[in-house]
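Q: This is the structure I have questions about; it appears just below.
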């Protein structure tokens, strides 16, 4: 597990194996995975990187302790899994200072077990990362992955 986390951090900061970015005014949001193709049941490593491209620090606010999220969609664009789906977050205003040109990376591993308890079926999926800023969440472009 430590190896997956280290690999994902390096991947997100250097050259994503599989990643897509979304740009907003001076805020870069990218999702990356450790692989493009997974065996059924194999842990999926994913990372969300946020970079403030402004010339100075930027303050952002969240309506809960949930700072980021990941969403997995099947080929029919139906939601299949959400990282935050089985978690609880404190309901409080949370402030975060984004320093200029210093990326923040959030790393998650998904064991391919759905909330229903069933295993993720083989097929093609789209993974989207979300930076959950109050009033305007920022989503990355989707990353295409496959389970075989």
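Q: Would you mind estimating how fast region 64-145 diffuses translationally, via Stokes-Einstein at 37 °C and 0.692 mPa s with the Kirkwood radius over Cα pairs, in µm²/s?
A: Roughly 229 µm²/s, to the nearest whole number.
Q: Quick check: the distance between the Cα centres of region 124-148 and region 87-123, to the nearest angstrom?
A: If we compute the Cα centre of each part, the gap is 10 Å.
No lab work stands behind these numbers, since they all come straight from the coordinates. The model shown is predicted, which means the values in this text are computed figures rather than measured ones.
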